[in-house]
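Before any comments, here is the structure.
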Amino acid sequence: MNKIIIITLTLFLLGCSTAEKEHSSKLTQDAEQKLMRSSSSLLIKNFMANLKSELMKGVKAGGFENAINVCQVKAPEITDKFLGEAYSIKRVTDKPRNQDNLADVHELEILSLFADSLKKLEYFDEWKDSENKKDYYFYKPIYIGKLCLKCHGDAKSIDKKAAIAVKEKYPDDKAIDYNAGDLRGMFVVNIKHSAGANLIKSAQNDSL
């Protein structure tokens, strides 16, 4: 009888220990994912601030026609500036002006989630396995603003000189005929798993 009691207690304690570990692991994963989201949002905010600044400079210097030049030259430079060993950011769409921004099959699936007006998602995130290590991906939709129509609108709203510049530089352009508020594409942020671990350690240290 004593042996049965000891075995039962042992199994119970082992079960409690496993449950505690699983709970602790879940809390760590939740904290990591929350930190990843805030880091990704900040990265997108800084990227947009840089791009908007360059675009406004371009428009002031040479109108919306010049904004096309800025997008062609400055946008890739800004993207490169936001590349690191542990993270990256890019913009993708189903209707690209620059073919380098064409969304792949999986990205198109995520983009369709943002296109669903009933869901009204502000963001989408996920973990993906890359070389046997989980990588974090954060997606945020990009919508067309009124000013964007000067380069991405229909024949009535697009700037005439900008339209000519687009045809010269992007003969296969598909990024037109949008209305204000339309889904233009999305940001894709990737943070390596190792970076996530470092972010958690940094946050823990800050809280001490």
Give me the percent of the accessible area of segment 79-148 that comes from carbon and sulfur atoms, probe 1.4 Å, all protein chains in place. 52
Could you compute the net charge surrounding residue 153? Neighbours are other residues with a C-beta less than 12 Å from the C-beta of residue 153; K and R count +1, D and E count -1. +1
I want to check the label-to-label distance for residue 122 and residue 53. Put each point 7 Å from Cα in the C-beta direction and report it in nm to one decimal. 2.6
By accessible area with a 1.4 Å probe, ligands and nucleic acids excluded, highest first: order of 55, 102: 102, 55
Using per-residue counts of other Cβ atoms within 10 Å, averaged over each peptide, order 167-173, 110-116 from highest down. 110-116, 167-173
At 4 °C and 1.567 mPa s, grab the translational diffusion coefficient of segment 110-190 from Stokes-Einstein with a Kirkwood Rh over Cα pairs, rounded to a whole number in µm² per second. 89
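With the cut-off at 27 Å, tell me which of the pairs 120/156; 90/156; 146/167; 45/156; 90/119 have Cα atoms farther apart than that.
As for pairs spanning more than 27 Å Cα to Cα, those are 120/156; 90/156; 45/156.
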Sequence order, segment 82-98: Karplus ³J(HN,Hα) from phi using 6.51 cos²θ - 1.76 cosθ + 1.60, θ = phi - 60°, Hz rounded, Gly and Pro as x, gives 9, 9, x, 5, 9, 7, 8, 9, 8, 10, 10, 7, 8, 10, x, 8, 9
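Determine by what factor the alpha-carbon radius of gyration of segment 53-97 differs from 2.2 N^0.38 Å, reporting the quotient.
My calculation over the Cα atoms of segment 53-97 gives 1.33.
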For residue 142, which sequence-distant residues (separation of 5 or more, or a different chain) have an amide H within less than 5 Å of its own amide H, given hydrogens modelled in the peptide plane? 184, 185, 186, 187
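Do any GluC sites (Glu not before Pro) in segment 117-164 lie in a DSSP loop with no more than 16 other beta carbon atoms within 10 Å, and if so, which?
122, 131
The values are calculated or read from the model by the stated rules, or taken from the named source; none is laboratory data. If you're wondering where the values come from, they're calculated on a predicted model, not measured in any experiment. Neighbour counts are summed over all protein chains in view; Cβ atoms, including those assigned to glycine, are modelled from backbone coordinates with ideal geometry. Accessible surface areas use protein heavy atoms only, side chains included; no ligands, DNA or RNA. Shrake-Rupley method; radii C 1.70, N 1.55, O 1.52, S 1.80 Å.
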